[in-house]
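To start, the structure itself, in structure tokens.
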Ligand SMILES: [Zn+2]
Ligand SMILES: [Zn+2]
């Protein structure tokens, strides 16, 4: 069956992610990142403005110690990523974070909205993110080893950043002690960077199939309700669409982008579009 080409999804604006102004530099593909490294003269990525502001790691640490928010947030053909300098009791660290994106983001947000026990849902999602990383890491590592045979991918830790009235931001992160470091290349991991493109159908580095992702979540008891027409994760508890089945992070929202297989109870409606239809959940009872 031909794979549906996905529209690029705009990252949702979230209170827990500070968006930096979009740099004017043209984004490059993640492939470029591991072929040449971000310091290569002709490699320009979305972080260039950040690197211009803080040319070395000690520059960034000094700025953080002065009280500046030293952070880059952006996406390059994948989900949102963030690099931050944090001052910890063990000294300054650089944190590399990759947020869930695309299909996985949609599933996590639907499950979160649908959940009646958010604490256990959060625990289950974090466990599933651990599994997903375990599945992806060797594949991503292998790709980098084609050009760097000695390479080992960093092991990432799943996290959830809670905010008062929003869906938590889920993702994976690694921290790098800045002691003795100068070069930004020592503060980020290529496989982690490439993982941000793993849930996208748009020229992905190493795509993970939607069913494969869903299976990991369901194996930890995360409740996923899937639309019979489009196959997207849906919820009828979105605060803006009460009792209406919606995909929380697609621009289609309550409109099903795929023709449904079942007859419409009130007839097909080309003007208003088609509603999503919840399929029976495959969760174990
Ligand atoms: Zn649908
Ligand atoms: Zn329909």
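Quotient of the Cα radius of gyration of region 129-260 and 2.2 N^0.38 Å, N being its number of residues: 1.28.
Computed over the alpha-carbon pairs of region 73-176, the distance histogram in 10 Å steps reads 13, 40, 34, 12, 1 percent, short to long.
Mind pulling the per residue volume of the convex hull built on the Cα atoms of region 106-152? Å³ is fine.
Numbers: hull volume 3.2 nm³, N = 47.
Convex hull of Cα atoms, per residue: 68 Å³.
Sort 237-244, 223-230, 154-161 for me by packing, meaning the mean count of neighbouring Cβ atoms within 10 Å per residue, highest on top. Numbers along the way, then the final one.
On the way: 237-244: 12.8, 223-230: 20.2, 154-161: 17.2.
Ranked from most to least packed, the peptides come out as 223-230, 154-161, 237-244.
Which translational diffusion coefficient, to the nearest whole µm²/s, is obtained for region 125-169 from the Stokes-Einstein equation, given a Kirkwood hydrodynamic radius over C-alpha pairs, 20 °C and 1.002 mPa s? Let's see the in-between values first.
Details: Rh = 12.3 Å.
Estimated diffusion coefficient is 174 µm²/s.
Fewest neighbouring Cβ atoms within 10 Å first, the residues 151, 99 line up as 151, 99.
Shown is the FRET efficiency for residue 244 and residue 211, computed with R0 = 30 Å from the Cβ-Cβ distance and rounded to the nearest 0.05: 0.75.
Counting every other Cβ atom within 10 Å of each residue's Cβ, 47, 118 order from fewest to most as 118, 47.
A protection proxy built from the mean count of other Cβ atoms within 10 Å ranks the segments 184-191, 167-174, most packed first, as 167-174, 184-191. Considering only Cα atoms, the convex hull volume of region 206-253 works out to 99 Å³ per residue. Put a dot 7 Å past the Cα of residue 49, heading toward its Cβ, do the same for residue 258, and the two dots end up 3.8 nm apart.
Considering the convex hull of the alpha carbon atoms of region 30-215, report its projected area averaged over all viewing directions, in nm², one decimal. Walk me through the numbers on the way to the answer.
Details: hull surface 46.0 nm².
The number I arrive at for region 30-215 is 11.5 nm².
Looking only at region 159-192, which residues have a backbone nitrogen under 19 Å from a spot 7 Å from the Cα of residue 146 in the C-beta direction? Only 190-192 pass the distance filter.
We did not get these values from a lab; they are worked out from the coordinates using the rules stated. What you see is a predicted model, and the numbers here were worked out from it, not measured in a lab. Cβ: placed from backbone, ideal geometry, glycine included. Neighbour counts: every protein chain shown.
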